[in-house]
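Structure first, commentary second.
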Amino acid sequence: MSHKVYITNKQNTVKVPSGLRILIRRSCHAVLEAEHFEGPAEISVTFVDNAEIQRLNKQYRDKDQATDVLSFPLGQDGKYDVNQETGAAMLGDIVISMERAMEQANIYGHSLQREVAFLTVHSMFHLLGYDHEAGGLEAVRMREKEEAALIQLGLPRTVSYSQVD
């Protein structure tokens, strides 16, 4: 199955570590595999700074604050537009604040790579229709699926994943 992950860096605040783009692609593939996604898919991932993600968060969610990641699904109820040139389902866009990812990696005591992989996996589930905003069982299910994908990637939650004082 040929999935295409387009990655763009639109920030210069945080140096993007070598291998991060491969990890993002692996993260997207892990979620699609776990969800038994049929056919090829296309995903766009963009790195931005806190100012840009705050602007997007205000524009699209009416929340005037920086956040770590935003997901812009292009599908609804498992139906996606198809790229006529490639035949791939266009799942949507993931926007990651590299500044916030670095801050959170430091807070939780793990690597930037682990944080970006988590944010990518989290957003991929949003692109596939999962939602945790209301809490409850769906939020628990989404968290369990995220953790399973991260374990598959060799990045399980560890005891260092608690907030550092």
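The values are calculated or read from the model by the stated rules, or taken from the named source; none is laboratory data. From a predicted model like this one, the values you see are computed outputs, not experimental measurements. For the accessible areas, the whole protein counts, side chains as well, though only heavy atoms, and no ligand, DNA or RNA atoms are used. Shrake-Rupley method; radii C 1.70, N 1.55, O 1.52, S 1.80 Å.
Give the average over all directions of the projected area of the C-alpha convex hull of the chain, one decimal, in nm².
Spelled out: convex hull of the Cα atoms, projected over all directions, averaged, 10.2 nm².
Taking a probe of 1.4 Å, how large is the accessible area per residue of the chain, in Å²? Don't jump to the answer; show the numbers that get you there.
Details: 8950 Å² over 165 residues.
Per-residue accessible area for the chain comes out at 54 Å².
Whole angstrom only: what separates the Cα centroid of region 80-154 from the Cα centroid of region 1-38?
Region 80-154 and region 1-38 have Cα centres spaced 10 Å from each other.
Measure nothing but the geometry: give the 0 to 90° angle between the long axis through the Cα atoms of 20-34 and the longest principal axis through the Cα atoms of the chain, rounded to 10°.
50
May I ask you to compute the full-extension gain from Arg61 to Asn12, defined as 0.36 nm times their residue separation minus their alpha-carbon distance, rounded to one decimal in nm?
15.2 nm
In the chain, what percent of the accessible surface is made up of carbon and sulfur (1.4 Å probe, ligands and nucleic acids excluded)?
On the way: 4340 of 8950 Å².
Here carbon and sulfur together make up 48 percent of the probe-accessible area.
Checking the cross-link filter: which lysines have an alpha carbon closer than 25 Å to that of Lys145, excluding same-chain neighbours under 8 positions apart?
Lys4, Lys79
What do you get for the angle between helix 136-152 and the principal long axis of the chain? Use alpha-carbon atoms, 0 to 90 degrees, nearest ten.
Value to nearest ten degrees: 90.
Among all the aspartates and glutamates, which ones have a C-alpha under 17 Å from Lys63's C-alpha, if same-chain residues fewer than 8 places away are not counted?
Asp49, Glu52, Glu133
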